Each structure stands twice: as structure tokens, then as C-alpha cells.
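Novice: This is the structure I have questions about; it appears just below.
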Amino acid sequence: MAAAESVCDAVASTLNLPNGAKSVLPSSTGVIGWRLPAKELAEDIVPKAIEALQTDSAFAAAEAIMTTDRYPKLRSKTLSDGTRIVGVAKGAGMIEPNMATMLGYIMTDATIDKSKLQAMLTEACNQSFNSISIDGDESTSDTVVAIASCLKPLESEDEFRTALLEVTAGLSADLVRNGEGTGHVIRVKINNFPGSEYDARRMGRHLVNSPLVKCAISGNDPNTGRIAGAIGSFMGKFFPDESVDDMSLTLGGRVIFNNGKFVLEGQEVEEELSNHMAEAQLGEIDDFPKHQKFVEIGIDFGISGSDVIVLGSDLTKEYVSVNADYRS
């Protein structure tokens, strides 16, 4: 804490902030448990960072906060009144709500009340950053902050709310697509879940965190029983009294389970499902991903309930290699 405070003091002093270090928000990711190089940061890095400040683009900031990230993540939206929302984020591993471990910074020039902005940010985070998982692991460090300079009047709060969700949803998808070793991004659409949105997101994360499901998708293998098994595991543990008689499952838009039984037959269907996964495969990422496709899984419980979308990633040899060599 003392190390973080000393860096904040250095930032405040160099920028001549009237409220001192109270105006500085510290956040970090990295190897947990090792002391920050506070002296080097305060005396060397902070002055250089402030000297490099510019107003042309947020891309440099998105690039600077990368660690094992494969590419920088930057999203923006211009509203009809000319106000803008710009967001940058980092995160590649240990991604599992609540948000850990990631950093996200949302900036706007709109004039908006702090309490309203906080409420909108919470709503947007629940539908984006709190609805993703890369590996099911959490960390000690996560931050999402929204900052408004209040330089321009805002005409529509509803339009702002929609734009904020679009920016955070885009960044959250970027985080999963950018994940350590990620070869496929899985999008699970859950409809009519017999419980709250919070529990529906829990079930979605339970599915995308299943090692067997992740490995099957990594290999473009339509092993659909693993999907059904993960859902059954969650419902049996946490909602044993809820009926799944009307539940239907789809993979790539193809119905794979309905009316209590699998509806799969024939080599052509297997090839169709495998091809769906293969088309969503990211392949080599040079500067940025070549596409933004998903392996699409649909779960509909057939009754009135909650609707959510959860994103996850597959499990590859590269993920193991990255995390085995992280400190080496």
C-alpha cells in the first residue's frame, strides 16, 4: 500500500494536481505477491509517462497496459449529439467474474451525474465484464472505472446507456478473444432460465469453464454430450427441483437436444457441427484477430425466465505453455 501511495504522490506532484494523490487512482496487474518497484516508478517512469501524454489517440494507452495480451483492446462510440465514449482494457488470463483479473478504463466527454454514471457502469459491467470467463480463475486485481470530463452537454441518457453497453460488450469480447492461447471464443445464449440473471450467468460460466467442453471445442469436436453434461451438473447441484423437460440445446444454430433426448444422426450433421467450430477458429493472430466469430451454443429452458449471454474460451496447449512459463 505504501508503494502504491508513493507512486500516486509522484503522479500528483508531477501533474500539480490541486487535490494531490487523492485525485490519482492506482491499479495494476502482474505477478501477485512481489513488491512494486516504487522508487523506479516514481523517479523514472512517472516523469517519462507524463512527458509522453498526448490527446491524439487512446491507442497508446491500450498498448501500454498489455502484459501477456496478444493485441491492444480499444473501443469507441460517438453519440448523435457529438459526445464520445472511449474505452481501453487489458486482460488475458485469470479472467473470471467478478471481473478479475483485468483493467478497464472508460472515458467520456459527456456531462453526466456521477451517481447516474455509476449506475449505468454497474449495469453495463454485469452484462459484459461479469459475463465472461477465460479460465475460471480469479486474481487479486481488477478494475473498471468510468471517467467523465463533463466538457459537452449530453442530450440523451438512454442513448448514452446503450452506447456504454456497446463499448463494454465489445471490450469484454476482445478480452476473451485475446485470452492466453485462445483458439475459439464460445458464446452461450441462455433463454428462459428458471432463476435470476445472476444464476443464469453462473450456469453459463459453469459451461464455458468445463475442461471437457473447452477441450472438445479446441479440437473442433462436436462432443455434444459434454455440453449437456455440464448443464446437468449445474442444474443438479444448484437447481435440483427445476424441470429441464422443455429444455432445448443448439450448436451453431443446429438443434442437438430437444424433448428430453438428443436429436443427432448422420455423418453430415457431425461434419456440419465440426465445420461450425472450425470456421470460428481464430488461427494465428499477427496484429489483431482476423474475425470476430463465435462458437454458438444456445440453451432455452422453454419457460418464462431470465435471458443472458456469456462468453468463454477454449483450452489449448498454448494456454498451458504460457502459464507454465509465466515466471520462468
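Novice: Rounded to the nearest 500, what is the 222 nm mean residue ellipticity of the chain from helices alone, with -39500 (n - 2.57) per DSSP H run of 4+ residues and division by all residues?
Specialist: Helix-only estimate at 222 nm: -11000 deg cm²/dmol.
Novice: May I ask which of Lys116/Lys290; Lys39/Lys152; Lys48/Lys73; Lys237/Lys290; Lys114/Lys214 have a Cα-Cα span longer than 29 Å here?
Specialist: In this structure, Lys116/Lys290; Lys39/Lys152; Lys237/Lys290; Lys114/Lys214 lie more than 29 Å apart at Cα.
Novice: Over all directions, the average projected area of the alpha-carbon convex hull for the chain comes to how many nm²?
Specialist: Hull-based average projected area comes out at 19.1 nm².
Novice: If the only charges are +1 at each Lys and Arg Cβ and -1 at each Asp and Glu Cβ, what is the size of the charge dipole of region 55-178 around the Cα centre, to the nearest 20 debye?
Specialist: Charge dipole of region 55-178: 200 debye, to the nearest 20.
Novice: Report, in debye and to the nearest 20, how large the dipole of region 185-324 comes out about its Cα centre when Lys and Arg carry +1 and Asp and Glu carry -1 on their Cβ.
Specialist: 420 debye
Novice: Can you work out the base-10 log of I(q)/I(0) for region 15-62 at q = 0.28 1/Å, using the Debye formula on its C-alpha atoms alone?
Specialist: -1.24
Novice: Further question: Using DSSP to define loop residues, name the GluC sites (Glu not before Pro) in region 233-328 whose beta-carbon has at most 12 other beta-carbon atoms within 10 Å.
Specialist: Here the GluC sites (Glu not before Pro) that fit, given the DSSP loop and packing criteria, are Glu265, Glu284.
Novice: Follow-up. Considering the options Val46, Val145, Phe129, tell which one lies farthest towards the positive end of the dipole of the chain, charges being +1 on Lys and Arg and -1 on Asp and Glu at the Cβ, about the Cα centre.
Specialist: It is Val46.
Novice: Based on alpha-carbon centroids, what's the gap between region 234-306 and region 1-68 in Å, whole number please?
Specialist: Their Cα centres are 43 Å away from one another.
Novice: Given region 185-324, report the % of alpha carbon pairs whose separation exceeds 21 Å.
Specialist: Here the long-distance tail beyond 21 Å is 42 percent of all Cα pairs in region 185-324.
Novice: Please pull out the direction-averaged projected area of region 30-178, using the convex hull of its alpha-carbon atoms, in nm² to one decimal place.
Specialist: Here the figure is 9.4 nm², rounded to one decimal.
Novice: Contact order normalised by length for the chain, with contacts defined as Cα pairs under 8 Å and 6 or more residues apart; what percent is it?
Specialist: After rounding, I find 19 percent.
Novice: Once both labels are modelled 7 Å past Cα along the beta-carbon direction, what's the Asp287-Thr67 spacing in nm?
Specialist: 2.7 nm
Novice: In region 264-328, which trypsin sites (Lys or Arg not before Pro) are in a loop and have at most 12 other Cβ atoms within 10 Å, using DSSP for the loop call?
Specialist: Lys290, Arg327
Novice: Here's a follow-up. Loop-only trypsin sites (Lys or Arg not before Pro) in region 28-104, please: DSSP not H, G, I, E or B, and at most 16 other Cβ atoms within 10 Å.
Specialist: Those that pass, being in a loop and sparsely packed, are Arg35.
Novice: Also, quick follow-up: Kindly point out which whole DSSP H helices in the chain project their C-alpha atoms 15 angstrom or further along the helix axis while averaging a Kyte-Doolittle hydropathy of 0.0 or above.
Specialist: Helices meeting the span and hydropathy rule in the chain are 2-15, 157-177, 224-238.
Novice: Something else now. Amide H neighbours of Gly93 under 5 Å, at least 5 residues apart or on other chains, H built in the peptide plane: list them.
Specialist: Those qualifying (amide H under 5 Å, at least 5 residues apart or on another chain) are Glu180.
Novice: May I ask for the net charge around Glu265, where only other residues with Cβ less than 15 Å from the Cβ of Glu265 are counted and Lys, Arg are +1 while Asp, Glu are -1?
Specialist: Taking every Cβ under 15 Å from that of Glu265, the sum is -2.
Novice: Same structure, new question: Per 5 Å bin, what percent of the C-alpha pairs of region 108-229 does each bin hold, from zero upward?
Specialist: Calculated P(r), rounded to whole percents: 2, 9, 17, 19, 17, 13, 10, 7, 4, 2, 1.
Bear in mind these aren't lab numbers, they're just calculated from the coordinates by the rules spelled out. Keep in mind that this is a model prediction, so the values were computed, not measured. Cβ: placed from backbone, ideal geometry, glycine included. Neighbour counts: every protein chain shown.
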